[in-house]
Amino acid sequence: MTKAVFSEDEIAAIVRGLESCTTAVTDFPHRSHLVVATWYLSNATVLEAQQKMRASILRFLDHYQIEGKYNETITLFWIILVARHLRTLDPSLSLVARTNSVVEALSDSRLLFEYYSKELLWSEQALHEWVEPDLKALD
């Protein structure tokens, strides 16, 4: 686990950087995706957060002319895991505390491969729509 320490200003800057495409493509690691997912889930329903995350990532990739990188299943998987983690936390916690908890708990991007085989995850279907995991169920 990674000990994460983000301030409100840092969280807002990460979200703004993605949405405005001002963050360099190399400066948006997995941790930043978790920060944005936490922000969206803290300010919207799960469905709205999924839509916002999808739109932001697609706009970001389009801005940098990166084709074939977006994966709907991966995006929704992480929204689901972040939403689940947030439900375990005291709702009175600050955005900073919630974000730091999410990043600390879910910082290992390889967690995805406990649920999905690489073959399924990189299939055409998984790239374009939600696909249920084939290795371990999302309870």
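Taken together, the values in this text are just the output of simple stated rules run on the coordinates, not laboratory data. Small disclaimer: the values here were computed from a predicted structure and weren't measured. Backbone-built Cβ (ideal geometry, glycine too); neighbour counts: all protein chains shown.
Only one item in (i) 8.7; (ii) 13.1; (iii) 8.1 matches mean projected area of the Cα convex hull in nm² derived from the coordinates shown, and that item is (iii). Each residue, L47 and A13, gets one label point 7 Å from its Cα in the Cβ direction; the gap between the two is 3.6 nm.
Please get the size of the charge dipole for the range 1-40, origin at its Cα centre, with Cβ charges of +1 on Lys and Arg and -1 on Asp and Glu, quoted in debye to the nearest 20.
Numbers: 3 positive and 5 negative charges, 33 e Å.
For the range 1-40, the charge dipole is close to 160 debye.
Cα centroid separation, the range 69-114 to the range 1-40: 13 Å.
If you place +1 on the Cβ of every Lys and Arg and -1 on the Cβ of every Asp and Glu, how big does the dipole about the Cα centre of the range 97-139 come out, in debye to the nearest 20?
Working: 4 positive and 9 negative charges, 42 e Å.
Here the range 97-139 has a charge dipole of around 200 debye.
For the range 8-108, a crude dipole built from +1 on the beta carbon of Lys and Arg and -1 on the beta carbon of Asp and Glu, taken about the Cα centre, is about 240 debye to the nearest 20.
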